[in-house]
Structure formats: structure tokens, C-alpha cells
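K.L.:
Here it is, the structure in full.
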Amino acid sequence: MISSRRIGLRPSVEVRVLAEPFAVVGQQAARGVGVQIAAFDAAAFDEPSTKAAAKLVADWGAQGSILVVLHDSEERAALSFRNLDQVRAVLPVTGVGVVDVIAAANVLASPQAIDALTARATGEPATQEEAA
């Protein structure tokens, strides 16, 4: 099952999320540059697994560097992606800046991280879950 939603960034970016663990779909060109933005289920990484992270990236087919953005509570997923050659950086939502996103050819983020980034971009207060 695929769900999609728009996030409050300009230009408007649509992120589509496949409801299966370790699956990634969805891409959007941002400002005419071929940046792909995809979401994945970070909760599926109940144990760190570089092998599973490598398979997810390979199945996605992203070309170029990848910025992985995660919520602070998603440490196991962070440990899974940190040693992949294609991954430029694994950053928590609170550590992501505009330059990080612009410099990356691809952005891979958890839905929880996307929600927190959207809240930051629109000036909305963080929810209790995001603040944790």
C-alpha cells in the first residue's frame, strides 16, 4: 500500500511511502536538480544491519551521494547506514541544515524525521513524540 502526502517546503515536495519494511519509493526533483527524496520504515531496523541497509539502497537505485535523516530515537537505523560508501552523512533531524540537503544528490528519511523537518520548516512546535 502506498500513501503519499505533501510536505510544507517550497517548492512543494511529495514523498511517497511504501508500507512494507525496507521498501523505498517516491522521488521528486527539487528546483530542477535531480534530487530524489524517499522515505523508509526506520522501525524495521530492530537490530543494526548494514546488509539490510545496503539492500534498501540498492533496491532504491539512487545514483550519487545519499543523506540519511533520522529522528533521535532511530539509532539502530543510523548504525545500519553509517558505513555504506554511497552514504554521505547520517544526521539527526536536529542536525540537518539547508546546506546538507542541497549538497546531497539523494535524501533518505524516516517518516518521523520528515514530520520533524516539516515542523521546523513551517515553524510549527514539535510534538511530544518529536521532542523525545
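Where a number appears in this text, it was derived from the coordinates with a stated rule and is not lab data. These figures come from a predicted structure and were not determined experimentally.
K.L.:
Name the residues whose placed amide hydrogens come within less than 5 Å of the amide hydrogen of Ala39, ignoring near sequence neighbours (fewer than 5 apart) on the same chain.
P.N.:
Arg16, Val25, Ala109
K.L.:
Need the full-extension length gain, Ala43 to Ala119, defined as separation in residues times 0.36 nm minus the C-alpha distance. One decimal, nm.
P.N.:
That works out to 25.3 nm of additional length.
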